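The values are calculated or read from the model by the stated rules, or taken from the named source; none is laboratory data. Being a predicted model, the structure only gives us computed values, none of them experimental. In this analysis, Cβ positions are derived from the backbone assuming ideal geometry, glycine residues included, and neighbour counts consider all displayed protein chains.
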Amino acid sequence: MINSLINLLNCKQIQKRLQDLMVSMTTLIDSKDVLLARLREAKNEAIEKVTNFQKALESAIEKVAEMSRKEVEDMHKKIEEEILHDKTDLKNAEDVLQITREKLNRAEGNRAQRFVCTKIAERKMKDTENEMTGRKLNDSTEITFIPNHSLLGFINGLHSIGEVASKSPGQKVDLYKVKGRKEINTRLTNDGTLDYSNGCCLTYDNHLLVTDCNSQKLKHNAGKKLFSRHVAFNKSGNRMYVSDWYEGIVCFDGEGNYLSTIHDSDLDGVDGVCVDGRGNIFVVGYKSHNVVQFSENGKKIGVVVKDQDVRVLWRPHTVCFHQKLNRLFVTMERSNVVNMFQLE
């Protein structure tokens, strides 16, 4: 009897546990359906972004193509006007020759008049011959177009028109760690004064560009004057971050509306700012000699780069991030050295 009761109780407990487990399983299955629905929406949004970007590229290409067509039309118009002008001058010269010939014919019986007309005809013929020779040499009737094959080669070398990435809602963002450091010397042989690297950025093909305030050069493109304004834009979050020396990092939305200001005790003299494309913000402390990492909503994650003895990172000025290689580039005041930190 007792054994039967125990077995009955165990059976009921197991049934309840099974029921609870089934309810949990149903909830989990339903959550997966929600995730699948979100995933389909995200896919459609991503494809729409690809299409919109393609249209933007096509529009940009059409714009420069239209400029090339206009250049062809302008050159054709210029050459056409020159040829028509030459034709008019030649026609006038032909009329003068015809008149000269008629005068010479009419002077057939008058030797004095014939002599004068002959001299005039010789001078007119010489002038006309010189005019014809010059115009033949200067004639230009061809227009050609030389395609930019390097542009076509660059496009053909691309495997995609953007980067595809996945991001889970509420995904935790961890603090980057410095795995290694390398110094990049940007000083050129013809630089007369000490370099002052006050700006840096990466090109579309991830080549580092550094501005030199003293020599007023954009390194690897000498002679261009550039004054940096420290601002970063997070495309995924549609947010803009502007550094303010005294206030901190001022956040705006994509329309330029003020959102918030990031303050932190670890930062003294806020200078350079950049983003990593994953929602992280890197901010340079000029006086605190460090780089601090924040999430896209302004929450502090931690200090990525710090230099207690102020030897490696002396008065850092600007910062930029290589998304594919996880490299952080930091310039320093009155220095031709750019610190490259390998992060993980």
_Inter-residue pairs, beta-carbon under 9 Å, first in a helix (DSSP H, G or I) and in region 48-74, second surrounded by 11 or more Cβ atoms within 10 Å (Cβ to Cβ) and of a type outside the set (A, V, I, L, M), 6+ apart_ = Lys49/Gly162; Val50/Gly162; Phe53/Gly162
_If I filter region 325-335 down to residues being modelled with pLDDT of 80 or more and surrounded by fewer than 16 Cβ atoms within 10 Å (Cβ to Cβ), which single residue comes out as nearest to Val284 (Cα to Cα)?_
Glu333
_Residues located in region 254-279, provided they are part of a strand (DSSP E or B), crowded, with 22+ Cβ neighbours inside 10 Å and not small (Gly, Ala, Ser)_ = Ile262, Val270, Asp271, Val273, Cys274, Val275
*Would you check if there is a residue in region 111-123 being touching a Lys or Arg at 6+ places or on another chain (Cβ under 7 Å), of a type in the set (Ser, Thr, Tyr) and surrounded by 11 or more Cβ atoms within 10 Å (Cβ to Cβ)?*
no
*Would you pick out the residues in region 97-110 that are β-branched (Val, Ile, Thr) and loosely packed, with under 13 Cβ neighbours inside 10 Å?*
Ile99
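Quick grid of which residues meet (1) within 24 Å of the chain's Cα centre (by Cα); (2) aliphatic (A, V, I, L, M); (3) in a loop (DSSP other than H, G, I, E, B):
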site: Ile281; (1), (2), (3): yes, yes, no
site: Val291; (1), (2), (3): no, yes, no
site: Val304; (1), (2), (3): no, yes, no
site: Val312; (1), (2), (3): no, yes, yes
site: Lys324; (1), (2), (3): yes, no, yes
site: Met340; (1), (2), (3): yes, yes, no
*If you scan region 259-313, which residues turn out to be on the phi > 0 side of the Ramachandran plot and of a type in the set (A, V, I, L, M)?*
Val310
*So which residues in region 294-324 are crowded, with 22+ Cβ neighbours inside 10 Å and of a type in the set (S, T, N, Q)?*
Thr318
_So the check is Cβ under 7 Å with 6+ separation or different chains; which pairs have a first residue in region 241-270 that's without any contact (Cβ under 8 Å) to a residue 24 or more places away in the chain and among the acidic types (Asp, Glu) and a second one that's crowded, with 18+ Cβ neighbours inside 10 Å and not in a loop (DSSP other than H, G, I, E, B)?_
Asp253/Arg239; Asp268/Gly285
_Take Asp86 and tell me if it is out of contact with any helix residue (DSSP H, G or I) (no Cβ under 6 Å at 6 or more places or on another chain), assigned by TED's automatic domain parsing to the domain that holds Arg114 and assigned to a helix (DSSP H, G or I)._
no
*Pick out the one residue from Lys77, Lys43, Lys87 that is within 30 Å of Asn130 (Cβ to Cβ), under 35 Å from the mean Cα position of the chain (by Cα), surrounded by 10 or more Cβ atoms within 10 Å (Cβ to Cβ) and charged (D, E, K, R).*
Lys77
